[in-house]
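Shown next, in structure tokens, is the structure this report addresses.
Rule-based calculations on the coordinates, nothing more; no lab input. Small disclaimer: the values here were computed from a predicted structure and weren't measured. Quick reminder, even Gly has a Cβ in these numbers, built from the backbone with ideal geometry, and neighbours come from all protein chains shown.
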Amino acid sequence: MLNEISSAARTLREGHLVAMPTETVYGLAADATNPSAVARIYAVKGRPADHPLIVHFSDPKLINSWAAEVPDYATDLAKAFWPGPMTLVLSRTDLAGDFITGGQDTVAVRVPRHPVALKLLSEFEQLGGLGVAAPSANRFGKVSPTNSSAVRAELGDYLDAEDMILEGGDSEVGIESTIIDCTSESPKLLRLGAITAEMITQATGLSVSRAPSTIRVSGSLASHYAPNAKVVLDQAVLPGEGLIALESEPTPDSVIRLIAPVDVQGYAQQLYFALRQADALGLRRVVAITPKGDGLAEAIRDRLQRASY
Ligand code: TXA
Ligand code: MG
């Protein structure tokens, strides 16, 4: 495995793609300073070229290579939650080219905490790398992969012989990172995730706004994270249909129980697996019983709403 990670770091430096496990979802990584490598991410994902990418690194000091201004509260957030499932949007340096930012004057950065990702990124940095761009490793608009076989199913046909897929088990968080816009006086939530508004306020002493941002976030398109099966929320489930719900919810006769997590953490972790499983089983309709409460439960409801369009 260590040899494989070293060879993946070289693969990235040589301009090829590496699918890497992270604690949120698997990412499709390319050297963020190499325009042609990054162009291949867009081609492999089938993603429109004006959708900006998150730059990942292991050494938090590299934030200064990518961000021109880091407000104190962003430093507080980085100290509190990196490595971890949080992405910060900051004003960019010249290093963050238009091919990363979609032409915007901001850049998104994250230090993931999955041990394989951290090792890959630090080896990449030892080879002189400054960061890797990595969107979720799915075709555009589809469900993010949370294990390596889902990556292979999504992108296997589009990768080259030199590209690599790293093994890292099931992603621990299961939904994409929280994205926080740090370009104004106080933090703004752009995408909900495991780092909650309450946690952000605790770390910064600031209140968090959720005003719809004018910044483009592809994860904020209404229809996203969608399987082929029709997903409906909080409705009666009929025989032959799939059911996604907490364990406390019983399974009616002849209903296909996709997951039965014991808590919201488990719900988030297994959600995308369940949506993929629905398609693997050829289900036409899936009922999801949404979890109650704020924080991570709210992030789960957000993803389910997008999956249900
Ligand atoms: O958990 C994650 O964040 C995963 C793992 C692989 O790190 N990555 C991920 O990347 O979800 P992606 O490309 O699927 O979603 C990144 C989101 C997009 O919605 C994009 O629009 C937004 O981040 N984003 C990137 N740069 C931005 C910027 N400068 N301003 C606002 N949003 C930005
Ligand atoms: Mg994505």
At 0.692 mPa s and 37 °C, plugging the Kirkwood radius over alpha-carbon pairs of region 105-172 into Stokes-Einstein gives what diffusion coefficient in µm²/s?
241
Give the order of ASP160, ASP31 when sorted by the count of other beta carbons within 10 angstrom, beginning with the fewest.
ASP160, ASP31
Using modelled amide H (1.01 Å from N, peptide plane; none on Pro or chain starts), what sits under 5 Å from the amide H of ARG191, excluding residues fewer than 5 places away?
ILE179
Please report, in debye to the nearest 20, how large the charge dipole of the chain is about its Cα centre when each Lys and Arg carries +1 at its beta carbon and each Asp and Glu carries -1 there.
580
Would you mind checking the tilt of helix 115-126 against the longest principal axis of the Cα atoms of the chain, expressed as 0 to 90 degrees and rounded to 10?
20
Going by C-beta contacts inside 10 Å, put MET1, MET164 in order with the fewest on the left.
MET1, MET164
Number of Lys pairs in region 1-144 with C-alpha atoms less than 26 angstrom apart, excluding same-chain neighbours closer than eight positions?
5
Name the most mobile residue of ILE289, ILE180, ILE100, meaning the one with the largest mean-square fluctuation, in a Gaussian network model of the chain with Cα contacts below 10 Å.
ILE289
Under 17 Å between alpha carbons, and skipping anything fewer than 8 positions from LYS230 in its own chain: which aspartates and glutamates qualify?
GLU241, ASP279, ASP302
Hey, what number do you get for the chain at 222 nm if only DSSP H runs of n ≥ 4 count, each worth -39500 (n - 2.57), divided across all residues, to the nearest 500?
-9000 deg cm²/dmol
Work out how much length HIS51 to ASP160 would gain on full extension: take 0.36 nm times their residue separation and subtract the Cα-Cα distance, in nm to one decimal.
37.0 nm
